[in-house]
Amino acid sequence: NLKLMEAEIATTAAGLGGSTDFSLISLFLRADIVVKAVIVILIVASIYSWAIIFDKQKLFKRINESSIAFEEKFWKSRSAESYYNSLPNKSEDPLTKIFKQGMAELLKSKSKNSETRMNRVSRALEGSAYKEIEIIEKRFTFLATVGSTAPFIGLFGTVWGIMNSFQSIAISRNTSLAIVAPGIAEALF
């Protein structure tokens with residue numbers, strides 16, 4: 001009878017209320033606020049990361065298709081200047097934007113000497129390429145940060161849960177597997 005009372009006290013101290021339900025929802029609901037916060041942070045970071053991944057996949061597919069189309073039209077055109085004049089004012093294709101910047105600078109600096117002209121065109125191309133790369137790389141730092149920190153955030157939640165489980169064990173002064181297992185399972189979740 002004394003052993004049964006100790007087990008009941010330990011189970012209550014572990015926050016399990018005598019229940020042995022190990023479903024994900026019940027484990028989450030019984031968890032400490034810190035563990036819940038860690039789980040929510042990881043879930044939100046995961047959802048946002050997947051949204052970025054799918055968005056980037058769509059972006060790269062679109063860029064690849066538009067770049068292929070740009071190259072085909074460029075090589076079929078009579079001259080770079082005639083192709084430049086046929087391009088629409090607004091374009092989402094990075095290659096088209098870079099080409100337009102370079103051609104605009106080339107046409108602006110026709111009267112300059114050859115070396116000055118090439119330097120200006122080169123700077124225009126580099127600046128335009130840099131802007132396009134910045135647009136493409138947007139939110140990659142978030143993915144890198146989540147990828148490198150998520151395991152440690154998860155480990156923190158696990159350690160916190162195990163620490164709470166061991167505190168409950170210490171309070172109950174009972175180390176039987178029936179007392180230890182639920183808290184450890186919750187922490188590992």
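What follows draws every value from the coordinates through simple rules; no lab data is involved. Keep in mind it's a predicted model, so treat the numbers as computed, not measured. Here the Cβ is made from the backbone with ideal geometry for all residues, glycine too, and neighbour counts use every protein chain on show.
A few comments on the model shown:
- Among the trypsin sites (Lys or Arg not before Pro) in segment 31-119, those placed in a DSSP loop whose Cβ has at most 14 other Cβ atoms within 10 Å are Arg78, Lys90, Lys110, Lys112.
- Unit Cα scatterers, Debye sum, segment 97-189: log10 I(q)/I(0) for q = 0.19, 0.24 Å⁻¹: -0.87, -1.06
- For segment 59-144: rounded, prolate or oblate by the Cα gyration tensor [a/c cutoff 1.5]: oblate
- Those lysines that a straight Cα-Cα span of less than 22 Å connects to Lys97, excepting residues fewer than 8 apart in one chain: Lys56, Lys58, Lys61, Lys73, Lys76, Lys108, Lys110, Lys131, Lys138
- Linear extension gain, Phe28 paired with Arg78, 0.36 nm per residue minus alpha-carbon span: 11.4 nm
- Beyond 27 Å, the tail of the calculated P(r) for the chain holds 57 percent of the Cα pairs.
- Counted charge near Leu125, where neighbours are those whose Cβ lies closer than 13 Å (Asp, Glu -1; Lys, Arg +1): +3
- Subtracting the Cα-Cα distance of Met118 and Thr175 from 0.36 nm times their residue separation leaves 12.7 nm of extension gain.
- Annotation: extensible slack from Phe156 through Ala129 equals 5.6 nm (criterion: 0.36 nm per residue apart, minus Cα-Cα distance).
- Extent along principal axes [Cα atoms of segment 117-158; Å; largest to smallest]: 62, 13, 7
- R0 of 25 Å, Cβ-Cβ distance Thr141-Leu42: FRET efficiency to nearest 0.05: 0.85
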